[in-house]
Amino acid sequence: MRYEMTVTDVKERTLPDMNPEFFGKVLQKETATEEEFREGVRTRLLERLQGEHQARAEYDAVESITGLSTLEVPETLVRRQERAMIKEDEERARRARNMTLEQFLEASSLSREEYEKNIRSQAETIVRRSLVLDKVAEEMHVTVEKEDFEQEMAALASAYQIDAERLVKSLFKDEARMVEMANKIKYRKTVAAIMKAVQVSDKTAAHEEDVQGEHPEGGDDA
């Protein structure tokens, strides 16, 4: 295969000046010196990495518990989840690509049969995980209290810069959204309770130490 190209322009990357204006633009806060700027960037990178590792540890913990559980997954719940996921995909295809789901599948070279098979598998996994976490929440006495709703709504009001009282009134009129919020809060609290009860092992660090020939006496647990 041969390509013919015409170079119409050549640009050189110019690094910005390391000054307070640039620091403030990046960190979104007043920063006077380069040292403060570098420390701010370092802090953000660490927070992001810690968040990613925490999310991965939580996912692994939930998957491990789900994998060890034995239960019958009700077909009605799986079908309900399938319908919800298909509807969401239809909305996403319409908003992002202005396509029907069928058009999107065709453009993605994915048959309807393959798509429905994938959806089925995902729906079963989601329902199974949900049922297991409901049981874990029951066993660990996890409940959703009024204070949890208030904190959630305060966070949402701050994020969207709207009046908290107005948000509360609108949400209390929508039962479906209230149930959805309660489920999200319960999920987070259940996962938090699980993370307090499990031991997280840093396998990557342990593997690197073995490669280097170091064999610490204690575990490398966090």
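Structure notes:
- Residue order for Ile126, Ile162, fewest other beta carbons within 10 angstrom first, comes to Ile162, Ile126.
- For the set Lys87/Lys173; Lys117/Lys184; Lys87/Lys186; Lys146/Lys196; Lys117/Lys196; Lys87/Lys184, the pairs lying more than 29 angstrom apart at their alpha carbons are Lys117/Lys196.
- Cα shape, region 1-93, gyration tensor, a/c 1.5 rule: oblate
- Per-residue Cβ neighbour counts within 10 Å put Ser130, Ser121, Ser109 in the sequence Ser109, Ser121, Ser130, beginning with the fewest.
- For Glu145, neighbours were defined as the other residues whose beta-carbon sits under 15 Å from its Cβ, and their charges (Lys and Arg +1, Asp and Glu -1) total +1.
- Mean sequence separation of contacting Cα pairs (under 8 Å, at least six apart), scaled by the length of the chain, corresponds to a relative contact order of 15 percent.
- Positive-end residue, the chain charge dipole about Cα centroid, Cβ charges, pick of Ser201, Leu156, Val26: Leu156
- Residues Met153, Met5 arranged by fewest to most Cβ contacts within 10 Å: Met5, Met153
- Value of relative contact order over region 71-127, rounded to a whole percent, pairs C-alpha under 8 Å and six or more apart: 47 percent
- Excluding same-chain neighbours fewer than eight residues apart, the lysines reachable from Lys11 by a Cα-Cα span under 26 Å are Lys25.
- Cα centroids of region 1-29 and region 90-131: 37 Å apart.
Read-outs: derived from the displayed coordinates by stated rules, not from any lab. Quick caveat: nothing in here was measured; it's all calculated off a predicted structure. Cβ sites come from the backbone with ideal geometry, for glycine too, and all protein chains shown count toward neighbours.
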